[in-house]
1. Please go through (1) open to solvent by 30 Å² or more (accessible area, probe 1.4 Å); (2) out of contact with any helix residue (DSSP H, G or I) (no Cβ under 6 Å at 6 or more places or on another chain) for Cys573 and return the number of the only condition it doesn't satisfy.
2. With the condition kept exactly as written, say whether any residue in the stretch 177-184 is in the same structural domain as Asp126 (by the TED database), part of a loop (DSSP other than H, G, I, E, B), modelled with pLDDT of 85 or more and closer than 30 Å to Pro359 by Cα.
3. Hydrophobic (A, V, I, L, M, F, W, C) and either under 22 Å from Val587 (Cα atoms) or at pLDDT 95 or above (or both): is that true of Ile453 in this structure?
4. Within the stretch 513-534, can you find the residues that are open to solvent by 20 Å² or more (accessible area, probe 1.4 Å) and in contact with a helix residue (DSSP H, G or I) (Cβ under 9 Å, 6 or more places away or on another chain)?
5. Taking Asp82 as meeting all but one of (1) at pLDDT 95 or above; (2) over 51 Å from the mean Cα position of the chain (by Cα), write down the number of the exception.
6. Determine if the stretch 609-631 includes at least one residue that is under 23 Å from Gly312 (Cα atoms), modelled with pLDDT of 90 or more and in a strand (DSSP E or B).
7. Return yes or no: is Asp398 of a type outside the set (A, V, I, L, M), at negative phi and open to solvent by 20 Å² or more (accessible area, probe 1.4 Å)?
Amino acid sequence: MELLPRSPAEFGSAGYWDRFFRQRGQRPFEWYGAFPELCPVLHKYVRPRDKVLVVGCGNSELSEQMYDLGLCEDIVNIDLSDAVIRQMRERSAGTRPRMSYLLMDMLHMDFPDSHFQVVLDKGTLDALLTDEEEATLAKVDQMFAEISRVLQVGGRYLCVSLAQAHVLRKAVEYFSQEGWVVRVHQVASSGDKQQFVLPVFVYVMTKFRKIPGSAAQILEICPEEQDKPMRVESAERLVAAVKDRQHYALLCSQISKTPCKEQVSLDLCDKESGKPRYTLHVVDSPSVKPSRDNHFAIFIIPQGRETEWLFGTEEGRRQLAASAGFGRLLTVSLHREQRYEGMAGIQAELSGKVMELAPPGLPARQQVPFLSVGGDIGVRAVRCCDSSPLSGEFVVEDVKGDGTCYFRRLIFLQNRNVVQSEARLLAPTPLPGQKKRRKDKKKPSPTEPPGAIDKSYLCCEHHKAMVAGLCLLGGPDALPGELAVLVVGLGGGSLPLFIHDYFLEARVAVVEIDPSMLEVATRWFGFCQGDRMQVHVSDGLDYVAKLAAEAPAQYDAIMFDVDSKDLTVGMSCPPPAFVEKPFLQKVKTILKPEGVFVLNLVCRDAQLKESVLAALRDVFSLLYVRRIPGEVNEILFCQAGPAGRRGPAELGARAQALEGALRRPGRPWDSSYTLADMLQAVHIL
């Protein structure tokens, strides 16, 4: 402990370093960055004929190793400790004739201008820049000015550092403002047990003549896994990129020693674009008893299925890991903006990186399996990428589900893990009399799934529950006659389409604020308007308020399925203004006395949800709720009229009767969907 300085300022004291090296003796002291790790970067920027200056050399073996391996011989080492300079001269005497050691302060060097092609600094800047006090920054400026003076134009200042934010920022800002090219290399780990958990970096500052009036900066970063540099636009972005890599190293160190109590997620980015390519979740299962073959596995989530409950929620991933039977399961999601070369290509790409996230106790050279559903990476075909002023960027994509089913999805990219609308695609059917010979059969292209929409199938569980809510309408007949329905929120249009197609006397009005969504629903989801289906492009708040003032009591059912664009609120559906008491009064006004108001509520804020329920109770005399298993969605059925409470038995009977009336010859019905099942879990609030 006596080797440590009493204060950071002692790092700049010759007396401290004399005491340090006398007490340490002849044993070399390497702060960080062993020669085998630094060698690839040094080979890139140091040529055999270069004249090299090493500032703050200490008793590191770096210069000796460079000399002995023929990397460079014309090396001048300086340090302000007389003790260490004498030690190092003795160590190289007679064996390294072209290398010299000089007692010299790097803040006041005796060398002429433009004397060296390379200045090498291993930990010296880190030791000097211990704080951001004015006196310390003045010393650093003097150090940089001296290095700049003794370097030739085209010369390189190589600084080995742990890249603390204030150290990196100071170096980058100083030299980029001088017109130098700044590049930061992350040093690849040798795999040995490291003294420091944090990764080591080498700043490479290349000297150019400063052009008067030019503000252009060239800032680049080279991650350890690639040789090609990536350009960044500012010093802050460069510091942030380095910080990301430091956090990743700390994470890897932590989870390699202890199991994860909570799931850890991170993105691996594309080398070229810098955009996320893989999203990883580390899931540990403490209940799994470890054996040699069940420590660790990688699970590739098929494209397009990352939003499913099993893969897209913490509880789902926990169940997946437990059922897979591995102590640690690493789930991997694939991004729609990226292209992948099959399972083998993904495995080759990820094999090295995922081992950095291996659990403690993994046997050496253990084969780690890559798993998936059906052994492939799934199918995703992006049909449309666009944006609108109201909804932001969105995509329409076709994905392969279980078995041979394909689905079309609408996703708003501001919340890319939520499927906004979904429809099942029909398999193509041959024309009458058309028959392909076996030899003409072609394997379907993975990028060309079937295109026709299956309008009989409601993909979203909350849509199924909302339709089932029509069983609450009064009257003796199971199938209502003329039915006036208002749907606020179009999306892909599957909810209003289903009501239109199965309730043949229903007249459906849809309110959608974004005209782009009407175009998407029409072009990609088979939506169409007609005598019984009209879309009004309007704000739902304004439309309901106008109807309440002009034409009260005209709808048998009103359905709200509208998302909120404000992600800062703990309620993503509907926007808060739609469930404020004054507006709910207007909803009640346009609802017929025995009508039903159906609300899709997605609220994670318990206090906010309670306030919504309180407002609904104040306006409507009867409230039913149907929670969607595995989802945050709750479907609320609200009535204000004299229909009276209906128990589970009565609701079940009405549901069966209504479904029987809807199942007509020639009209397909999804066998997995029954209205009675949807109402079975309904209870009165």
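The values are calculated or read from the model by the stated rules, or taken from the named source; none is laboratory data. As the structure is a computational prediction, the values presented were derived from the model and not from experiment. Cβ placement follows ideal geometry from the backbone for every residue including glycine, while neighbour counts extend to all protein chains displayed. What goes into the accessible areas is simple: the full protein's heavy atoms, side chains included, and nothing from ligands, DNA or RNA. Shrake-Rupley method; radii C 1.70, N 1.55, O 1.52, S 1.80 Å.
1. (1)
2. Keep residues of the stretch 177-184 that are in the same structural domain as Asp126 (by the TED database), which gives 177-184.
Still in the list and also part of a loop (DSSP other than H, G, I, E, B): 178-180.
Okay, now just the ones that are also modelled with pLDDT of 85 or more, so 178-180.
Now drop any that are not closer than 30 Å to Pro359 by Cα, which leaves none.
No, the stretch 177-184 has no match at all.
3. No, not satisfied.
4. Ile513, Gly526, Cys528, Gln529, Gly530, Arg532
5. (1)
6. So far as the stretch 609-631 goes, no, none of its residues is under 23 Å from Gly312 (Cα atoms), modelled with pLDDT of 90 or more and in a strand (DSSP E or B).
7. no
To keep it simple, each residue is scored yes or no on (1) touching a residue at least 60 places away in the same chain (Cβ under 8 Å); (2) within 24 Å of Leu168 (Cα to Cα).
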| residue | (1), (2) |
| --- | --- |
| Arg86 | no, no |
| Ser92 | no, no |
| Arg98 | no, no |
| Met104 | no, no |
| Leu120 | yes, yes |
| Thr130 | yes, yes |
| Val140 | no, yes |
